[in-house]
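Novice: Quick one: the structure is below, questions incoming.
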Amino acid sequence: MSGLILAQCDKALPPGGGAPEWVHLLPVGAVEGRDGRAYSLPDPAGLILDFQERGLDLVIDYEHQSDIPEAKLKGPVRAAGWIKELAHNPSGLWGRVEWTATAREMIERKEYRFLSPSFYHNKSGQIMRLKGAGLVHEPNLRLQALNSQESTMLDPKTKRATPPNPNPETSLRSPLIARLMKVLNLSPDATEEEALDALEAWLADKATKPDPKKFVPLEAVQQMLQEQHLQRSVMAEAQAVEKVNAAIRKGYFPPALRDWAIALCRDDSASFDAFLSKSAPAYAHMGQEIVTGLPPGLSRATIQTDAEAAICHQLGLKPEQLAKG
């Protein structure tokens, strides 16, 4: 809490009656004292959470002597009571006080009627931490007097003092629930059960609607993978056909083994390459001419090509018979 400023604001104690168990410490929102000082309490639940995390009771002294260094040098500063618990409702921040016997008697005899909270605030006047409080004679903030608070805070059913609230279900609300309601934009009069229901609904909606910035739909991923697989298959098939055709032209495979060679090359290109590296072009002669000249008695006039002459020679045909066929 570095960089914060210490301040006090006075509050009234009730006329007639005993020392109240619950005291009104701060109103919600803008707070303006009689001396012109202005503060604000934007987040009472935050003050409660800070109090709970520290785990220490807050002292109520006399005339803010705990905040005056000179007073501490003169001897022990007597406590009038201790703030044991904090709660908030639409009227503001409340504290449950355990009074000392002396302070209780002084309040009952009206020797002290006003309470002044001590708190830290930032430069903008926002109250950030509750330090404690002091019994004072001159109030600053316009709050309920101590003696008037007892009658408004007694629960008729339990006979226990609680902060006044138009909706009993929101009294003494836990800081966690209060913050939850604020995050979920719930009404201040909403119950804790309604807050938990809203949280469950929010979590369920979050689970069914993943963040599009972080997640890609499963269907889109599957389609993309299928398209990539098809593209790779087409490319692999084309490369295999080209390699096998080249190998057949060079005589490594007879044309009859073309389909087998394509399947091998497509599925295991490394094995196909290894096979070629260990093989000789044993079928190279199939792409060459069988004869280089014409048989005796044949002329170019009747046989047009060397291939035709070779066929006639092997089949025992006359050139004119090949032409007729």
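Novice: Can you find a residue in segment 94-101 that is touching a Leu at 6+ places or on another chain (Cβ under 8 Å), at pLDDT below 90 and within 27 Å of residue 50 (Cα to Cα)?
Specialist: No, because not a single residue in segment 94-101 is touching a Leu at 6+ places or on another chain (Cβ under 8 Å), at pLDDT below 90 and within 27 Å of residue 50 (Cα to Cα).
Novice: If you go through segment 69-86 one residue at a time, do you hit one that is closer than 19 Å to residue 124 by Cα and assigned to a strand (DSSP E or B)?
Specialist: Checked segment 69-86: no residue is closer than 19 Å to residue 124 by Cα and assigned to a strand (DSSP E or B).
Novice: Pairs needed: first member in segment 55-75, assigned by TED's automatic domain parsing to the domain that holds residue 107; second member anywhere, among the polar types (S, T, N, Q) and assigned to a helix (DSSP H, G or I); C-beta distance under 8 Å; at least 6 residues apart or different chains.
Specialist: Note: pairs meeting the criteria are 59/66; 71/65; 72/65; 72/66.
Novice: Select from segment 45-92 the residues that are closer than 17 Å to residue 25 by Cβ and loosely packed, with under 13 Cβ neighbours inside 10 Å and list them in ascending order.
Specialist: 54, 56, 84
Novice: While we're here: Only one of these conditions is not met by residue 23: (1) over 43 Å from the mean Cα position of the chain (by Cα); (2) closer than 30 Å to residue 191 by Cβ; (3) hydrophobic (A, V, I, L, M, F, W, C). Which number is it?
Specialist: Status for residue 23: all satisfied but (1).
Novice: Here is a check on your reading of the model: is residue 119 in the same structural domain as residue 68 (by TED's automatic domain parsing) and touching a Cys at 6+ places or on another chain (Cβ under 9 Å)?
Specialist: yes
Novice: Let me ask something else. Being at pLDDT 85 or above and either on the phi > 0 side of the Ramachandran plot or among the acidic types (Asp, Glu) (or both) is the filter here; which residues of segment 247-266 pass it?
Specialist: 259
Novice: Please work out which residue is modelled with the lowest pLDDT, limiting yourself to segment 1-57 and to residues that are assigned to a loop (DSSP other than H, G, I, E, B), of a type in the set (D, E, K, R) and closer than 23 Å to residue 136 by Cα.
Specialist: If we take residues in segment 1-57 being assigned to a loop (DSSP other than H, G, I, E, B), of a type in the set (D, E, K, R) and closer than 23 Å to residue 136 by Cα, then 10 is modelled with the lowest pLDDT.
Novice: Residue 121 fails exactly one of the following numbered conditions: (1) in contact with a strand residue (DSSP E or B) (Cβ under 6 Å, 6 or more places away or on another chain); (2) surrounded by 21 or more Cβ atoms within 10 Å (Cβ to Cβ). What is the number of that condition?
Specialist: All conditions pass for residue 121, except number (2).
Novice: Shifting gears a bit: How many residues does segment 63-83 hold that are out of contact with any helix residue (DSSP H, G or I) (no Cβ under 9 Å at 6 or more places or on another chain) and at pLDDT 95 or above?
Specialist: Residues in segment 63-83 being out of contact with any helix residue (DSSP H, G or I) (no Cβ under 9 Å at 6 or more places or on another chain) and at pLDDT 95 or above: 1 in total.
Novice: Could you check how many residues of segment 214-234 are surrounded by 10 or more Cβ atoms within 10 Å (Cβ to Cβ) and either assigned to a helix (DSSP H, G or I) or at pLDDT 70 or above (or both)?
Specialist: The total comes to 14.
Novice: If you don't mind, there's one more thing I want to ask. Please work out if residue 39 is buried (at least 17 other Cβ atoms within 10 Å of the Cβ) and either free of Cβ contacts under 8 Å to residues at least 40 places away in the same chain or over 46 Å from the mean Cα position of the chain (by Cα) (or both).
Specialist: no
The values are calculated or read from the model by the stated rules, or taken from the named source; none is laboratory data. Predicted model only: the values in this text are computed from it and were never measured. Neighbour counts run over all protein chains shown; Cβ positions are idealised from the backbone, glycine included.
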